[in-house]
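First the structure, in the form of structure tokens, and then the observations on it.
The values are calculated or read from the model by the stated rules, or taken from the named source; none is laboratory data. Bear in mind the structure is a predicted one, so any value in this text is a computation, not a measurement. Here the Cβ positions follow ideal geometry from the backbone for every residue, glycine too, while neighbour counts run over all protein chains shown.
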Ligand SMILES: Nc1ncnc2c1ncn2[C@@H]1O[C@H](COP(=O)(O)OP(=O)(O)OP(=O)(O)O)[C@@H](O)[C@H]1O
């Protein structure tokens with residue numbers, strides 16, 4: 001059987017970084033082919049070459065045996081290649097159907113119907129009339145996947161498609177992908193979740209530092225083996241999360257309600273929550289159930305009237321982000337590009353954005369040497385793979401940017417830390433390290449609130465959990481006394 005797509009000795013360099021070096025790859029029709037590798041290994045770069053976003057410096061790309069020069073994604077799409085990116089490319093001020101109509105031909109009414117049909121068939125439900133800015137990350141991803149499927153591609157590239165999906169949707173997505181595979185579609189699948197790769201993929205190509213270091217059938221290897229192949233060394237052992245007596249309350253929400261005027265947003269009802277010094281509290285739930293609103297209310301991006309929110313003992317309902325940060329609050333938002341970091345600014349200037357109080361500014365002037373030193377320390381401590389503090393945030397691989405933002409906020413040594421999706425897109429070695437650092441911060445007395453869709457992660461690091469469902473928060477569930485089924489029942493609203 002001839003390969004649908006093959007790459008021969010393909011290379012791509014960005015300045016000092018050899019992102020891909022002499023890569024050979026063959027993708028057969030009807031196969032689900034995993035690309036594995038740690039953060040910065042060159043996976044996204046390789047996919048961009050295949051999708052015509054970037055052009056290789058050397059090597060050949062063959063489509064159905066014919067050499068092709070893909071000068072743009074439009075050319076790749078015309079051949080039958082579709083791609084869903086790690087960072088989404090939707091216009092926030094347009095509706096779902098308007099976004100899709102930009103790429104997929106057809107009348108909007110017909111498209112809306114096809115979006116609903118595909119959604120129902122593949123478990124990718126989304127309201128075609130909803131405005132994109134009001135959608136959660138998980139919902140936006142559904143829109144991206146639907147947009148690709150509407151063009152009937154022969155090869156579908158998915159760059160970490162499951163990183164923001166709740167477990168139920170992952171299972172549904174896998175059913176979708178298997179159905180597409182059964183129709184002969186080839187799928188290139190990037191994921192850091194090794195269990196998923198074992199479950200779904202029939203081939204895996206492993207990249208390390210831009211080169212192919214292995215080709216395996218993932219079904220015949222344990223997740224541990226795959227991790228070792230990927231990172232070139234054994235995994236660090238997990239840190240035991242020993243319980244300790246929590247101290248004073250650092251965050252208190254008392255009967256907080258928030259009416260969202262956006263018809264597609266979620267209103268919060270009577271939310272009560274307390275996070276004390278020395279504990280990690282998790283917010284579980286499927287995205288789009290009020291997580292964005294809750295995070296914005298706690299961070300101060302939305303200021304609520306009244307005294308429903310207390311931080312470090314102060315009523316902060318009317319205070320903005322900067323005033324809350326001055327009390328010792330730090331925050332990692334869900335969207336790393338745009339809100340967590342400014343893409344076109346250097347890492348050093350991105351560090352300055354929230355860490356300016358860490359001695360980086362004097363009398364209104366930026367102190368460049370301390371700024372570089374602070375940024376260098378984040379890079380070293382959090383193993384951010386980048387040429388240095390002068391690199392643009394947008395040039396970092398997804399996982400490395402996430403490590404940078406997490407590192408920046410954790411280096412501030414906050415009294416209270418709010419983190420949304422702490423290990424989104426981060427490889428398995430770095431994810432273990434980030435979780436260990438969160439536990440170490442807790443042990444040193446920090447109060448930490450983690451919003452995550454990954455139940456397994458929450459069970460690993462949290463002392464207590466709440467579940468957010470349709471804007472309503474469940475009672476506090478001590479992790480030692482609950483299990484995934486009980487939490488799952490709250491997640492779908494079948495437990496009161
Ligand atoms: N536009 C760019 N400019 C400069 N360097 C870049 C650019 N894009 C990628 N790089 C660098 O190329 C290397 C490979 O990045 P790539 O995004 O392909 O990694 P990845 O394997 O997809 O990582 P992740 O798992 O974190 O998404 C990284 O060192 C990255 O910093």
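Restricted to region 223-243, and to residues that are part of a loop (DSSP other than H, G, I, E, B) and in contact with a helix residue (DSSP H, G or I) (Cβ under 7 Å, 6 or more places away or on another chain), which residue is modelled with the lowest pLDDT?
Among those that are part of a loop (DSSP other than H, G, I, E, B) and in contact with a helix residue (DSSP H, G or I) (Cβ under 7 Å, 6 or more places away or on another chain), it is 241.
Would you call residue 47 out of contact with any helix residue (DSSP H, G or I) (no Cβ under 6 Å at 6 or more places or on another chain) and in a strand (DSSP E or B)?
no
For region 406-421, give me each residue that is surrounded by 21 or more Cβ atoms within 10 Å (Cβ to Cβ) and either within 16 Å of the ligand (Cβ to nearest atom) or free of Cβ contacts under 8 Å to residues at least 60 places away in the same chain (or both).
Hits for region 406-421 are 406, 407, 408, 421.
Residues that are surrounded by fewer than 19 Cβ atoms within 10 Å (Cβ to Cβ) and on the phi < 0 side of the Ramachandran plot, at least 3 per element: which strands (runs of 3 or more DSSP E) completely within region 61-172 meet that?
Filter on region 61-172 gives 66-68.
Which numbered condition in (1) touching a strand residue (DSSP E or B) at 6+ places or on another chain (Cβ under 9 Å); (2) in contact (Cβ under 8 Å) with a residue 40 or more places away in the chain; (3) closer than 24 Å to residue 249 by Cα is the only one that residue 402 fails?
(3)
So, in region 357-369, how many residues would count as being surrounded by fewer than 15 Cβ atoms within 10 Å (Cβ to Cβ) and free of Cβ contacts under 8 Å to residues at least 24 places away in the same chain?
So the count comes out to 8.
With respect to the numbered conditions (1) more than 27 Å from residue 424 (Cα to Cα); (2) modelled with pLDDT of 95 or more; (3) under 26 Å from the mean Cα position of the chain (by Cα), which one is the sole condition not fulfilled by residue 249?
So the condition that residue 249 fails would be (3).
Among the residues of region 177-202, how many are closer than 17 Å to residue 427 by Cβ and in a helix (DSSP H, G or I)?
5
Please go through region 382-402 and give me each residue that is within 25 Å of residue 322 (Cβ to Cβ), in contact with a helix residue (DSSP H, G or I) (Cβ under 7 Å, 6 or more places away or on another chain) and in a helix (DSSP H, G or I), ordered by number.
Answer for region 382-402, where residues must be within 25 Å of residue 322 (Cβ to Cβ), in contact with a helix residue (DSSP H, G or I) (Cβ under 7 Å, 6 or more places away or on another chain) and in a helix (DSSP H, G or I): 393, 401.
Within region 203-210, identify whether any single residue is more than 16 Å from the ligand (Cβ to nearest atom), in contact (Cβ under 8 Å) with a residue 12 or more places away in the chain and farther than 19 Å from residue 425 by Cα, and answer yes or no.
Scanning region 203-210 turns up at least one residue that is more than 16 Å from the ligand (Cβ to nearest atom), in contact (Cβ under 8 Å) with a residue 12 or more places away in the chain and farther than 19 Å from residue 425 by Cα.
Just give me the residues in region 466-496 being assigned to a helix (DSSP H, G or I) and farther than 26 Å from residue 265 by Cβ, in sequence order.
479, 480, 481, 484, 485, 486
Every residue, every condition in (1) more than 16 Å from the ligand (Cβ to nearest atom); (2) under 18 Å from residue 342 (Cβ atoms), yes or no:
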{"residue": "392", "(1), (2)": "no, yes"}
{"residue": "399", "(1), (2)": "no, no"}
{"residue": "423", "(1), (2)": "no, no"}
{"residue": "433", "(1), (2)": "no, no"}
{"residue": "438", "(1), (2)": "yes, no"}
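Across region 438-496, what is the total count of residues that are under 19 Å from the mean Cα position of the chain (by Cα) and outside the structural domain of residue 423 (by TED's automatic domain parsing)?
Within region 438-496, residues that are under 19 Å from the mean Cα position of the chain (by Cα) and outside the structural domain of residue 423 (by TED's automatic domain parsing) number 0.
Taking region 14-44, which residues are surrounded by fewer than 16 Cβ atoms within 10 Å (Cβ to Cβ), near the ligand (Cβ under 8 Å from one of its atoms) and either in a strand (DSSP E or B) or not assigned by TED's automatic domain parsing to the domain that holds residue 188 (or both)?
14, the sole residue that qualifies.
Kindly provide the set of residues from region 6-18 that are modelled with pLDDT under 95 and touching a strand residue (DSSP E or B) at 6+ places or on another chain (Cβ under 9 Å), ordered by number.
18
For region 284-304, give me the residue count where each residue is out of contact with any helix residue (DSSP H, G or I) (no Cβ under 7 Å at 6 or more places or on another chain), buried (at least 24 other Cβ atoms within 10 Å of the Cβ) and not in a helix (DSSP H, G or I).
Count: 2.
Out of all the residues in region 1-13, which are surrounded by fewer than 16 Cβ atoms within 10 Å (Cβ to Cβ) and assigned to a loop (DSSP other than H, G, I, E, B)?
1, 2, listed by residue number.
Residue 56 fails exactly one of the following numbered conditions: (1) more than 17 Å from residue 10 (Cα to Cα); (2) touching a strand residue (DSSP E or B) at 6+ places or on another chain (Cβ under 6 Å); (3) within 16 Å of the ligand (Cβ to nearest atom). What is the number of that condition?
(1)
Please go through region 340-354 and give me each residue that is within 30 Å of residue 258 (Cα to Cα) and either in the same structural domain as residue 256 (by TED's automatic domain parsing) or buried (at least 16 other Cβ atoms within 10 Å of the Cβ) (or both), ordered by number.
Result: 340, 341, 354.
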